[in-house]
Each structure stands twice: as C-alpha cells, then as structure tokens.
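The structure under discussion appears below in the form of structure tokens.
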Amino acid sequence: MKISKKAKGAQVDSNGVVKIKTSQLPNAGKGLFALVEFKRGDIVCEYEGEIVTWAECEKRSKEGHEGYAFFMTKNRCVDAYFTPWAFGRYANDARGVGRVEGLRNNAQYEIKRRDGVQKVFIVATRTIQPGQEVFVHYGDDYWRYLDGTREIILERERQKRKENKLKKAATKNGTSHKKGHIKMQVKIATKELELV
C-alpha cells in the first residue's frame, strides 16, 4: 500500500482502508487506524519492507536501525525500518511499554502465500471499527530483545544529550562546534574555574 493523500493531517493508503496518525499510546509516535470495518480474519494490510537476511537485520540493529524487522526464516525477513511509506510498520502493540487501560490488541501477524511468495500480513483477530487504532502483538521475543537493548539505546541518547549540551555551551561562548574544540573549551573552562 502506498500513501495516496492526506486527510486532516493523516496519511491515507491508496485503498482507503487505513490511515496513519498519532497513536493513542503515549510516546508511541504514529499509529495505524482503520477507515473501514474489519471483521475477524480480514487482512488489514501487508507488512511491507525490504526483504533481507536475519544477518542483515542483526547488522542494522547494531547500527541503531532496529525495531521493524519481521523474522520468517534466516534467509528471509521483512525489514520496514527504511520504508516509511509501508503502513504496516505503524501498527503498535497495546501490550507494550506505554499501555493504556481499555486498549488491547485486535490483530496479529500472519504469513500467507501470495503470488507464489510468502508475505506478512496484519490480520484482524476481532472486529475493528472505523476510527479504531490497529494494535498487533509484537511477540514476547521482541520485548525480551528490547529489554536487552534498552540500556544501549538509553546510553546512546544520554551521549547525544551530553554532546548537544557541550555544543550549546560552545555556541554561547563563541567557540567552534567541532567535538575536539568543545572538549578543549570545557577543559580550559574547568582549569580557569580551578584557578579562581
């Protein structure tokens, strides 16, 4: 499904059955919403992305490009990280980190053969009304993996914040934005403070 138009700030797929807008889950970013009614067993959309190996997914993960890979086999995974036009990547897990009372998963991933090729689809597990957000369980392995890498992600964020603070301090003092210059200015400022 490709994006065809915008409707009141939301991206709508070319079939007019789902749209992307801000999720109901706190800090989840965007979410996938139904524009039509889906009954149990209906395909909501395909989970599209690049077809890559699991080794490639692991490599991308180490580079910080993670969270959108669907494992089928070690030689065939769907990675939607670099395909922001793919609607399936916006389905959130109601059982995840930012739980909201009353919201629960209403769909699941299913592998189906289409045109002689195995593809991943998001399929309704109960009726989804127009306007409701589509929630799909990512699987226990996803959350275990995320728990294991969360500290790495947090450390990256802490480092970025630290670098941004140093850049802002250097800008206020009229110094260069380059890392080495910032560190040098901080060292000089520290030494000056010690002398006073």
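What follows draws every value from the coordinates through simple rules; no lab data is involved. Predicted, not measured: the structure shown is a model, and the values here were computed from it. Glycine gets a Cβ as well: all are built from the backbone with ideal geometry, and neighbour counts include every protein chain shown.
Points worth noting:
- Among the listed pairs Lys19/Lys168; Lys59/Lys172; Lys74/Lys112; Lys21/Lys165, those beyond 27 Å (Cα-Cα): Lys19/Lys168; Lys59/Lys172; Lys21/Lys165
- As a rough guide to protection, the peptides 17-24, 70-77 ranked by mean Cβ packing within 10 Å, highest first, stand as 17-24, 70-77.
- Taking 0.36 nm per residue of separation and subtracting the current Cα-Cα distance, fully stretching the chain between Glu37 and Arg161 would add 40.3 nm.
- Spin-label pair Asp140-Asp115: with each label point 7 Å from Cα along the Cα-Cβ axis, the two points sit 3.6 nm from one another.
- Qualifying GluC sites (Glu not before Pro) for segment 7-91 [loop in DSSP, other Cβ within 10 Å: at most 15]: Glu37, Glu63
- For Met72 and Gln129, the FRET efficiency from 1/(1 + (r/R0)^6), where r spans their Cβ atoms and R0 equals 25 Å, is about 0.25.
- Net charge of the neighbourhood of Gln108, taken over other residues with C-beta under 13 Å away and scored Lys/Arg +1, Asp/Glu -1, is +2.
- With each label modelled as a point 7 angstrom along the Cα→C-beta vector, the Ile51-Glu101 pair spans 4.7 nm.
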